[in-house]
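*Asks:* I'd like to ask you about the structure that follows.
Computed from the coordinates by the stated procedures, all read-outs in this text should not be read as laboratory data. From a predicted model like this one, the values you see are computed outputs, not experimental measurements. Counting neighbours? That spans all protein chains shown, and the Cβs are built from the backbone with ideal geometry, glycine included.
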Amino acid sequence: MKSIKLDTYEIRKYQPEDKIAWDNFVKMAKNATFLFQRDFMDYHSNRFEDHSLLVYNDKKLVATLPANLVEGILHSHQGLSYGGLILNTKTTFQEVLIIFRSLLSFLEAEGIETLNLKLLPKMYNLLPSDEMDYLLFLTKAQLRRRDLSSCVFNENRLKIESSNRLRGIKKGVKNELEVREESAFDSFWKEVLEPNLKQVHNQKPVHSLDEINLLKSYFPDNIRQFNVYKDEKIVAGTTIFETSAVAHAQYISANELGRKTGGLDFLFNHLLQHFSHKKYFDFGISNEAQGMKVNKGLLNWKESFGGRGIAHDFYEIKTENHHLLNDIFI
């Protein structure tokens with residue numbers, strides 16, 4: 001794919017030599033997390049045909065799009081939980097419009113007819129960032145999927161009143177459970193997470209033990225492991241992905257002893273206090289079947305801690321609709 005200039009905007013495909021510029025831009029963006037840094041995106045590069053794009057205006061990087069290509073369709077990078085057009089803090093709506101119109105024109109010229117975009121959930125934004133929501137409306141984008149994540153808003157955190165949760169927390173205290181943050185993932189992966197996923201869902205974690213250890217080496221301050229022990233035996237744990245505004249529970253699991261002793265209730269009561277300085281604590285989604293079904297028991301558990309819903313949207317855009325962004329100002 002060659003570089004294409006549209007007015008003063010130049011769009012080109014990401015190359016390895018762009019890594020420093022890409023990462024520096026992501027670190028200063030208003031709507032990005034460490035998942036968009038290249039060390040995170042590239043750890044599983046063998047699984048995806050990376051087709052990320054960089055947008056320059058007068059030789060200055062003004063936007064990036066983490067993406068991969070599958071059979072002629074451009075997707076928000078499918079190896080990431082979320083995506084979208086990454087922008088800096090100074091970008092105005094008019095500039096976002098020109099950037100997005102230029103991107104769609106560029107993709108159409110390259111023979112790519114469809115862009116599947118999954119937006120960054122709003123809790124991660126450092127500044128208001130709904131420009132793309134409006135532009136998706138203007139370009140007649142189709143909402144293809146919507147997940148619901150359960151988040152605790154720490155500025156107005158709800159008190160835990162569920163008798164089941166309070167009983168579970170007390171059970172953890174009675175069983176003298178202990179929460180520890182650890183740098184190693186081996187115990188949780190091998191003794192809790194992998195066996196539990198195998199038994200209950202016949203699945204494996206999205207990240208292998210080697211992969212999560214590698215990512216931890218790249219992002220030691222962002223990827224954190226909290227385990228629960230009873231009599232020096234691990235009974236439960238969670239892997240936290242920490243960003244500027246959000247502490248997100250990436251993996252949550254307990255073994256049989258952990259379930260009997262209130263391991264997860266005890267752990268998350270601790271974590272909600274530990275991360276109370278964050279704007280949000282995110283329990284993650286409870287959806288299945290591409291967002292069409294909800295695991296009621298899982299959702300109820302998250303909501304009993306005060307979690308409430310934030311949507312995560314997935315859109316399909318026809319690149320030919322770039323012309324709908326012409327002449328919208330009056």
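*Asks:* Under 10 Å, Cα contacts only: if you run a Gaussian network model on the chain, which one of PRO121, PRO16, PRO195 comes out with the highest mean-square fluctuation?
*Replies:* Judging by the Gaussian network model, the answer is PRO16.
*Asks:* Then there is this: List the pairs from LYS59/LYS318; LYS159/LYS230; LYS59/LYS278; LYS13/LYS216; LYS230/LYS278 whose alpha-carbon separation is above 31 Å, in the order I gave them.
*Replies:* Pairs exceeding 31 Å: LYS59/LYS278.
*Asks:* Along the charge dipole of the chain, which of PHE283, ASN164, GLY79 sits closest to the positive end, that is, farthest toward it, with unit charges on the beta carbon of Lys, Arg, Asp and Glu (+1, +1, -1, -1)?
*Replies:* ASN164
*Asks:* Name the residue farthest towards the positive end of the dipole of the chain from the options PHE34, ALA236, PRO205, assuming +1 on Cβ of Lys and Arg, -1 on Cβ of Asp and Glu, about the Cα centre.
*Replies:* Among PHE34, ALA236, PRO205, the one farthest towards the positive end of the dipole of the chain is ALA236.
*Asks:* Just LYS230, LYS198, LYS170 to compare: in a GNM of the chain, with alpha carbon springs under 10 Å, which one fluctuates most?
*Replies:* LYS198
*Asks:* With label points built 7 Å along Cα→Cβ from the Cα atoms of ARG157 and GLN94, find their separation and express it in nm.
*Replies:* So the label points at ARG157 and GLN94 sit 4.4 nm apart.
*Asks:* With angles folded into 0 to 90 degrees, how steeply does helix 93-109 sit against the dominant principal axis of the chain? Use alpha carbons for both and round to 10.
*Replies:* The two axes meet at around 80 degrees.
*Asks:* Specify the residue with the greatest mean-square fluctuation among ASP39, ASP265, ASP58, computed from a Gaussian network of the chain linking alpha-carbon atoms under 10 Å apart.
*Replies:* Fluctuation is largest for ASP58.
*Asks:* How high is the FRET efficiency between ASP186 and ASP221 when r is their beta carbon distance and R₀ equals 25 Å, given to the nearest 0.05? Write out the running numbers ahead of the final one.
*Replies:* Details: r = 20 Å, r/R0 = 0.81.
Once the sixth-power term is evaluated, E becomes 0.80.
*Asks:* Related question: The range 69-119: which trypsin sites (Lys or Arg not before Pro) are DSSP loop and have at most 13 other beta-carbon atoms within 10 angstrom?
*Replies:* LYS90
*Asks:* While we're here: Using only the Cα atoms of the chain, construct the convex hull and provide its projected area averaged over every direction, in square nanometres to one decimal.
*Replies:* 17.6
*Asks:* Helix 163-174 sits at what angle to the longest principal axis of the chain, using alpha carbons and giving 0 to 90 degrees rounded to 10?
*Replies:* So the inclination is approximately 60 degrees.
*Asks:* Turning to a different aspect of this structure: Working from Cα positions, state the angle (0 to 90°, nearest 10) between the long axis of helix 19-28 and the longest principal axis of the chain.
*Replies:* Between helix and principal axis, roughly 70 degrees.
*Asks:* Given contacts defined as C-alpha pairs under 8 Å and at least six residues apart, what's the relative contact order of the chain, whole-number percent? Before the final figure, lay out the partial values.
*Replies:* Numbers: 613 pairs, mean separation 75.6, N = 330.
Result for the chain is 23 percent.
*Asks:* OK, next. Could you give the dipole magnitude of the chain about its Cα centre, charging the beta-carbon of Lys and Arg +1 and that of Asp and Glu -1, in debye to the nearest 20?
*Replies:* 1080
*Asks:* Charges only on Cβ, +1 for Lys and Arg, -1 for Asp and Glu: so what's the dipole of the range 158-275 about the Cα centre, in debye to the nearest 20? Provide the component values of the computation, followed by the final result.
*Replies:* Values: 16 positive and 16 negative charges, 119 e Å.
For the range 158-275, the charge dipole is close to 580 debye.
*Asks:* By how many nm would the segment from ASN295 to GLU71 lengthen if fully extended, with 0.36 nm per residue of separation less the alpha-carbon distance? Kindly include the intermediate steps, with their values, before the conclusion.
*Replies:* Values: separation 224, 0.36 × 224 = 80.64 nm, distance 3.21 nm.
Extending this stretch completely gives an extra 77.4 nm.
*Asks:* While we're on this one: Defining a contact as two alpha carbons under 8 Å apart and six or more residues distant in sequence, what relative contact order in percent does the range 64-163 show?
*Replies:* That works out to 27 percent.
*Asks:* How large is the helix-only mean residue ellipticity at 222 nm for the chain, computed as the sum of -39500 (n - 2.57) over DSSP H runs with n ≥ 4, divided by its residue count, in deg cm²/dmol to the nearest 500?
*Replies:* Mean residue ellipticity, 222 nm, calculated: -8000 deg cm²/dmol.
*Asks:* Tell me, what is the FRET efficiency for LYS174 and ASP58 to the nearest 0.05, using R0 = 45 angstrom and their Cβ-Cβ distance as r?
*Replies:* With R0 = 45 Å, the Cβ-Cβ based efficiency is 0.10.
*Asks:* From Cα coordinates alone, what are the radius of gyration and Dmax values for the range 158-275 in angstrom?
*Replies:* Cα-based Rg and Dmax for the range 158-275 come out at 14.1, 41 Å.
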